[in-house]
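Here is the structure we will look at, set down as structure tokens.
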Amino acid sequence: MKILNLAKQAILVPAGIQDADIEKIMARLLTSSVDAADIYFQSSHSESWVMEGGIIKEGSHSIEQGAGVRAVSGEKTGFAYSDRIELPVLLEAANNVRAIGRQGQEAQIGLIHAANTVQYYPVANPLKSLGEQQKIDLLRQVDTQTRKLDHRIEEVIISLSGVHETILVANQDGSLAGDIRPLVRMNVSVIVVENGRREQGSMGGGGRSDYNYFVELNRGLEYGREAVRQALVNLEAQEAPAGNMTVVLGSGWPGILLHEAIGHGLEGDFNRKGTSAFSGRVGERVASDLCTVVDDGTIPGRRGSLSIDDEGTPTENTVLIENGILKGYMQDKLNARLMGVKSTGNGRRESYASLPMPRMTNTYMLAGKYNPEEIIKSVKKGLYAKNFAGGQVDITSGKFVFSASEAYLIEDGKITRPVKGATLIGNGPDVLTKVSMVGTDLELDSGVGSCGKEGQSVPVGVGQPTLKIDGITVGGTSV
Amino acid sequence: MQNQQEVNRLKDIVQNLLDEAKQQGATAAEAGLSQENGLSVSVRLGDVETIEHHCSQGLGITVYFGQRKGSASTTDLSVESIKETVSAACSIARYTSEDEYAGLPEKALLATSFPDLDVNHPWAITADEAIALAIECEDAARHYDAEITNSEGASVNTHQGIHVLGNSLGFLHGSLSTRHSLSCSVLAQRGESMQRDYWYTVARNANNLEAAVEVGQKAAQRTLRRLEGRSLSTRQCPVLYSAEIASGLLSSFIGAISGGNLYRKSSFLLDALDTQVFPGFVHIHEQPHLIGASGSSAYDSEGVATHTRDLVTDGILRSYVLGTYSARKLGLHSTGNAGGVRNLTIDPGVLDFDGLLKQMDTGLLVTELMGQGVNILTGDYSRGAAGFWVEKGQIQYPVEEITIAGNLKDMLRNIVAVGNDVDYRGNVRTGSILVERMSIAGQ
């Protein structure tokens, strides 16, 4: 209840919107043929700071707020939004939206305050967690220390950003739920130069926490150290191999494999419509029996975690694949209703100005029984891909890519030399059937992921232990 | 007329912002405001899926206190919010560093004439009419062939935006623009093979959109031709980038000659000015004043006048792409490219698409690229691809689950031909581009 009251204080009180006003808007939305409706209020304060060339170069502050109203009738959705949280504006939006259903009697609803059962992150405003001067000092300290790490460093660029977001969502059953979501992120990228060759390295992290996260355990400095290490490795990298080969993926961020290869294909909307390569395959084998994959929005403090999703549903730890068998999909309310199942708390939206849809939270594979060294040792000839940039998938054909940013050759069971980044391409429905060893070293990423779908971006997490895949196409130049 | 009144109202708000910044002690300031209205409808399997009414606004301000700057933005245009936004920007400027290169553009470079570029054509279409149009489009795709088995639907979008930009040097201008589109995406199935593809049309003026039936049919054709794709063995061969994706190659080139990457020395084209970057037959220019085109504008995102100009002639790089800050860092002047290039055009060659296939003879036609595997610092390029295998100038079979790789520096220099099959839809206008040789990785 405490969170809900704070959220109301932040959004409704300044706008002069009362519970009775929400009831009035909802009543306007709920004509007889409307199956579901919601009103989503959002207020988001964010800032970012950039240090480059040894100076604090940029700083910006941003306030975004508004409300979106939605009415759903069968498979049809009507939606309107406004940057102005004002009763007449929202009533007008509701008028536009309810045209989606047949005209009829307005329904009456009474607002019930929903209590969040669990909260997975602190409510405090991260933007206020450090004073402005302390934020600057943190950036300067990371900059100075990072530049000292190696004489080949030419440039260091550091960014620090924080978001303090408050949401409220009212549903047609009368429930009103709220959430307060902090999110911080820091990134260090470096350019190194040696004998005229220039390379870069980059590392960052964050989560649903405040800026002290980067001070604790010297995380900011660790990002700098890691960025420099990667850049120096790249200075040595030679042409990457091309062709189908055994690939060992490192733990943590390489879990982007799961996000692209199977995650998107298991989102409820694509499966309801039968457009995914995984459609209609629940109960079938889609991975080797070593693989158990979950989507878990409940991990405290993670970038992809949510106490409730953007439809007010508490998030869950949803098993997607268990011992290689496809168990289920990730659902929002609309698709869950149409498929006759319940929402898994995966209904997310970029903002009040976008419609919610099934999205991932933190997607990862559970640990297996092999020591990571054992896995490397088992490979006669192959690639060890330790770090990745982004990825993409075609959910219909199942083809997906993800791009290695740090990789090494494995020869006779040993990691030998670094190779340039290359894109890996595979087929989602069968890549996990080729997983022949799963490591003990499950790790989640450091908190940098953003996922794009239909133009909407949301923060997500991924993770996995070290994995061996017996055959995936590596897109190097060395033919 | 009502529109012009609204532009004037928003110009007043921007002037208030600038005045407020001065009031709060800023020595210079720049402010922008945009307001967008629109309607999007989507249909699927012959019925309405979503109707979305768009209405959004936002303003942003950058203030300078001498050489220190701060920025702030908000979606709330109320008087109190304007004050708070300006003070948020000012308070940030207390903590940023003196940067000798920071500041507004030189006054002499600001746009002073504002030709009508014919980019504002509101489309008086109702939700019901838009639904009917989308259904017509999707029907054309669904009924094109029995192997079209499912659909992701068709959608119609119409948007009008008002953008106002002002700065404390006296620049204050507002412009209206529209953008309308129609798109369709369907699935085809044959045995185990399921594929999806799409087509879209976009224009400033709805009269210039492709016919709905044509869009639907193209979506169906593009989907069907992908069925039963296979991988290739790993090899090196010529690669033909089809016109609709060739723009990506030119965008990577633009990234490498953009000020931000140049002054950070994170470009594979450092110090390439006046050197041979492309073969001699390549000419690339920017045409920001094209009538009715998608990238047309008389000024850039800082108010600097845009100019029709050559970037590459005879394959030689003639100019960088610079905004005010990056230009000063490089000791140069802004080229009117804050916010990017506008209507980038590569001169078409003599060959049409079939002519390019014949010239390639045997190689890979790429029609889709996946992932972001492009490193602008080193030029290293490795991306997922799908397309068609070509022998003796004839398409043989669809190809998927392969990558194409090379280094952009070599790829640009080894362009063999540019087609006259220009895709005029986007901000980069190019025909298909044939690259002499790349590495293909597959089974």
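Laid out as a table, the results:
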{"item": "Filter result for the condition that a residue is surrounded by fewer than 24 Cβ atoms within 10 Å (Cβ to Cβ), at pLDDT 95 or above and either touching a Phe, Trp or Tyr at 6+ places or on another chain (Cβ under 7 Å) or not in a strand (DSSP E or B) (or both), over A:438, A:462, A:458", "result": "A:438"}
{"item": "Residue list for the stretch B:224-262, filter: touching a Ser or Thr at 6+ places or on another chain (Cβ under 6 Å), within 14 Å of another protein chain (Cβ to nearest Cβ) and not in a helix (DSSP H, G or I)", "result": "B:227, B:228, B:236"}
{"item": "Conditions (1) in contact with a strand residue (DSSP E or B) (Cβ under 8 Å, 6 or more places away or on another chain); (2) in contact (Cβ under 8 Å) with a residue 40 or more places away in the chain; (3) of a type outside the set (A, V, I, L, M); number of the one not met by residue A:272", "result": "(1)"}
{"item": "Any pair with Cβ under 6 angstrom, 6 or more apart, that starts in the stretch B:423-443 at a residue that is open to solvent by 10 Å² or more (accessible area, probe 1.4 Å) and ends at one that is of a type in the set (A, V, I, L, M)", "result": "B:423/B:243; B:425/B:202; B:428/B:250; B:428/B:344; B:429/B:422; B:436/B:416"}
{"item": "Any strands (runs of 3 or more DSSP E) falling wholly within the stretch B:267-356 and containing at least 1 residues that are of a type outside the set (Gly, Ala, Ser) and over 18 Å from the mean Cα position of the chain (by Cα)", "result": "B:309-313"}
{"item": "Residue check for residue A:104: open to solvent by 30 Å² or more (accessible area, probe 1.4 Å) and either within 7 Å of another protein chain (Cβ to nearest Cβ) or modelled with pLDDT under 95 (or both)", "result": "yes"}
{"item": "Residue selected from the stretch B:104-141 under the condition under 19 Å from residue B:51 (Cα atoms) and acidic (Asp, Glu), by the criterion most open to solvent (accessible area, probe 1.4 Å)", "result": "B:128"}
{"item": "Any hit, the stretch A:358-366, residues being open to solvent by 10 Å² or more (accessible area, probe 1.4 Å) and either free of Cβ contacts under 8 Å to residues at least 24 places away in the same chain or within 24 Å of residue A:445 (Cα to Cα) (or both)", "result": "yes"}
{"item": "Members of the stretch A:355-408 found to be within 12 Å of another protein chain (Cβ to nearest Cβ), among the hydrophobic types (A, V, I, L, M, F, W, C) and outside any strand (DSSP E or B), listed by number", "result": "A:355, A:395"}
{"item": "Exclusive hit being within 30 Å of residue B:168 (Cβ to Cβ) and either within 14 Å of chain A (Cβ to nearest Cβ) or without any contact (Cβ under 8 Å) to a residue 24 or more places away in the chain (or both), set B:142, B:94", "result": "B:94"}
{"item": "Single residue of A:172, A:145, A:133 found to be open to solvent by 40 Å² or more (accessible area, probe 1.4 Å), away from chain B (no Cβ under 14 Å) and either closer than 21 Å to residue A:120 by Cα or at pLDDT 95 or above (or both)", "result": "A:145"}
{"item": "Residue among B:345, B:378 that is more than 13 Å from chain A (Cβ to nearest Cβ) and either more than 17 Å from residue B:414 (Cα to Cα) or crowded, with 19+ Cβ neighbours inside 10 Å (or both)", "result": "B:345"}
{"item": "Strands (runs of 3 or more DSSP E) contained in the stretch B:18-100 and holding at least 2 residues surrounded by fewer than 18 Cβ atoms within 10 Å (Cβ to Cβ) and out of contact with any Lys or Arg (no Cβ under 9 Å at 6 or more places or on another chain)", "result": "B:28-44"}
{"item": "Looking only at the stretch A:409-435, and only at residues there that are within 9 Å of chain B (Cβ to nearest Cβ) and open to solvent by less than 10 Å² (accessible area, probe 1.4 Å), the one that is nearest to residue A:288 (Cα to Cα)", "result": "A:426"}
{"item": "Any chance residue A:155 is acidic (Asp, Glu) and free of Cβ contacts under 8 Å to residues at least 60 places away in the same chain", "result": "no"}
{"item": "Contacts under 9 angstrom Cβ, first residue in the stretch A:445-461 being farther than 16 Å from residue A:257 by Cα and of a type in the set (Asp, Glu), partner in a strand (DSSP E or B) and open to solvent by 10 Å² or more (accessible area, probe 1.4 Å), 6 or more apart", "result": "A:454/A:357"}
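The values are calculated or read from the model by the stated rules, or taken from the named source; none is laboratory data. Keep in mind that this is a model prediction, so the values were computed, not measured. All Cβ positions, glycine included, derive from the backbone under ideal geometry; neighbour counts span all protein chains shown. Note: accessible area is taken over every heavy atom of the protein model, side chains too, but ligands, DNA and RNA are not part of it. Shrake-Rupley method; radii C 1.70, N 1.55, O 1.52, S 1.80 Å.
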